[in-house]
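Read through the structure below, which is laid out as structure tokens, and then see the notes.
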Amino acid sequence: GSLFHICSNLKLLDLSYNNLRILAADIFNQLNQLSLLRLSDNQIEAIDGNLFERCSNLTELNLFNNKLRILSMNTFKTLTRLTKLSLDLSYNKLRILAADTFKNLNQLNVLQLSDNQLEEIDKELFEACSSLTELNLSNNKLTFKQPTAIFKKLNKLSLLHLNNNQIETIDGNLFEGC
């Protein structure tokens, strides 16, 4: 059984500032009332695609300052209520994000992806994120050399951080629709 099997009413779980490296795939299975999960400032390198499968009530998830390199395309699939995904994925080692990483996150308002190693953004990455009001992509290695309207579905976007990347030219289509 899960470590938290007797804590089924838990709404907030803060495991930040520990030395967590690996999270068992079923560790949060009994925490279906959880709305805020803080896993920041650990040593987490990977997240099982089913880790958050039963955490459908999460509205905020913080993974800030870990060692994440890759996210499974299923990682966030059940987190349809995330509004503040203040999915904070900043200060990790992410290089690539699959096109459907944020596929079901249409309630998401804030997405922090700063201070990673992102070089390119798939043109479909943010397509489902129609509620985004803030997107932080600063301090990466983005160039936007491929002309495409990456932000085209983000018509609610009011804050877009692209500072400290490797952008040399900006294509006219880049900001189309936002």
Q | For the chain, with +1 on Lys and Arg beta carbons and -1 on Asp and Glu, the positive-most of Phe144, Leu36, Ile47 along the dipole | A | Leu36
Q: Evaluate the charge dipole of segment 119-178 about its Cα centre and quote only its size in Debye, nearest 20, assuming +1 on the Cβ of each Lys and Arg and -1 on the Cβ of each Asp and Glu.
A: 140 debye
Q: Would you kindly derive the ³J(HN,Hα) couplings of segment 154-171 from the backbone phi angles with the Karplus curve 6.51 cos²θ - 1.76 cosθ + 1.60 (θ = phi - 60°), listing them in order in whole Hz, with x for Gly and Pro?
A: 9, 6, 9, 5, 10, 10, 10, 9, 10, 5, 6, 10, 10, 6, 9, 9, 10, 6
(Q) Let's see if you can work this out: charge +1 on each Lys and Arg Cβ, -1 on each Asp and Glu Cβ, no other charges. What is the dipole magnitude of segment 43-169 about its Cα centre, in debye to the nearest 20? (A) 140 debye
**Q.** Most positive-pole-ward Cα, Leu159, Leu61, Ala99, against dipole of the chain from beta carbon charges
**A.** Leu61
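Show me the GluC sites (Glu not before Pro) within segment 104-178 that DSSP assigns to loop and that have at most 15 other Cβ atoms within 10 Å of their Cβ. Walk me through the intermediate numbers first.
Numbers: sites: Glu119, Glu120, Glu124, Glu127, Glu134, Glu168, Glu176; in loops: Glu119, Glu120, Glu124, Glu127, Glu168, Glu176.
Answer in residue order: Glu119, Glu168, Glu176.
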Q. Counting Lys and Arg as +1 and Asp and Glu as -1, what is the net charge of the other residues whose Cβ lies under 10 Å from the Cβ of Ser16?
A. -1
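Which length gain, in nm to one decimal place, applies between Gln33 and Asn173 when the Cα-Cα distance is subtracted from 0.36 nm times their residue separation? Write out the running numbers ahead of the final one.
Numbers: separation 140, 0.36 × 140 = 50.40 nm, distance 4.19 nm.
Stretched out fully, the Gln33 to Asn173 stretch lengthens by 46.2 nm.
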**Q.** Rg and Dmax of the chain, Cα atoms only, in Å
**A.** 16.2, 55
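Where the accessible area of segment 19-162 is counted over protein heavy atoms with a 1.4 Å probe, how much of it, in %, is carbon and sulfur? Mind showing how you got there, number by number?
Numbers: 2580 of 6300 Å².
The nonpolar share, carbon plus sulfur, comes to 41 percent.
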(Q) Set the bar at 26 Å for Cα to Cα. Now go through Lys77/Lys145; Lys77/Lys123; Lys11/Lys152 and name every pair that lies beyond it. (A) Lys77/Lys145; Lys11/Lys152
Q: Take segment 114-178, compute every pairwise Cα distance, and split them into 10 Å bins from 0; I just need the percent in each bin.
A: 23, 58, 19
Q: With a probe of 1.4 Å, find how much accessible area the chain has per residue, and write the answer as a whole number in Å².
A: 50 Å²
Q: Please work out the FRET efficiency for the pair Asp14 and Leu159, using the Cβ-Cβ distance as r and a Förster radius of 30 Å; give the result to the nearest 0.05.
A: 0.70
**Q.** Label-reachable residues, segment 27-60, where backbone N falls under 11 Å from a point 7 Å from Ile70's Cα toward its Cβ
**A.** 46-47
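The values are calculated or read from the model by the stated rules, or taken from the named source; none is laboratory data. Keep in mind it's a predicted model, so treat the numbers as computed, not measured. Note: ideal-geometry Cβ built from the backbone for every residue, glycine included; neighbour counts use all protein chains shown. Note: accessible area is taken over every heavy atom of the protein model, side chains too, but ligands, DNA and RNA are not part of it. Shrake-Rupley method; radii C 1.70, N 1.55, O 1.52, S 1.80 Å.
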